[in-house]
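Could you have a look at this structure, given as C-alpha cells, before my questions?
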Amino acid sequence: MANTRSAKKAIRQAQRRTEINGARRSRVRTFVRKVEEAIASGDQKAAEQALRAAQPEIVRGANRGILHRNTASRKISRLAHRIKTMSA
C-alpha cells in the first residue's frame, strides 16, 4: 500500500485515467462494431455512413493514446477496403 501523499495521489490519478480510458475504448469499439454490422448486413450506404462516423472516433482514440497510430490507420483502411469491395 502507498505510504506517501504523492503515491496515494498517483493511485487516485491512475484510477481516474483507467475509468476514462475504458470509456473511450468502449466508445471506439462501439463505432467499429456499427461499421461491422452494416457490412454484414450488406448495406453499402449504411456501411459508408457508419465508417464516416467511426473514422474520427478511431483517430481520436489514437490521439488520446487508446490505440497506436498505426493500429487506428490499419483499422480504418481495412474497414474502408471491405466496404469498397461490397460493390464488386
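The values are calculated or read from the model by the stated rules, or taken from the named source; none is laboratory data. Quick caveat: nothing in here was measured; it's all calculated off a predicted structure. Cβ: placed from backbone, ideal geometry, glycine included. Neighbour counts: every protein chain shown.
Check whether at least one residue in segment 47-55 is out of contact with any helix residue (DSSP H, G or I) (no Cβ under 8 Å at 6 or more places or on another chain), among the acidic types (Asp, Glu) and either surrounded by 11 or more Cβ atoms within 10 Å (Cβ to Cβ) or at negative phi (or both), and report yes or no.
The answer is no, given that none of the residues of segment 47-55 is out of contact with any helix residue (DSSP H, G or I) (no Cβ under 8 Å at 6 or more places or on another chain), among the acidic types (Asp, Glu) and either surrounded by 11 or more Cβ atoms within 10 Å (Cβ to Cβ) or at negative phi (or both).
Something else now. Return the residue satisfying two criteria in turn: it lies in segment 56-74 and is within 19 Å of GLY22 (Cα to Cα) and among the charged types (D, E, K, R), and of such residues it is surrounded by the most Cβ atoms within 10 Å (Cβ to Cβ).
Taking segment 56-74 as the starting set, the residues that turn out to be within 19 Å of GLY22 (Cα to Cα) are 56-69, 71-72.
Applying the additional criterion that residues be among the charged types (D, E, K, R) yields 57, 60, 64, 69.
Details: GLU57: 18, ARG60: 16, ARG64: 13, ARG69: 11.
The extreme case among them is GLU57.
Suppose the filter is closer than 13 Å to LEU79 by Cα and assigned to a helix (DSSP H, G or I); does ILE11 pass it? Show your work before the answer.
Values: closer than 13 Å to LEU79 by Cα: no; assigned to a helix (DSSP H, G or I): yes.
For ILE11, the condition - closer than 13 Å to LEU79 by Cα and assigned to a helix (DSSP H, G or I) - is not met.
Report the residue count in segment 38-62 for those that are closer than 15 Å to LYS75 by Cβ and of a type in the set (D, E, K, R).
Result for segment 38-62: 3.
Being modelled with pLDDT of 95 or more and under 17 Å from ILE76 (Cβ atoms): is that true of ARG29 here?
Answer is yes for this residue.
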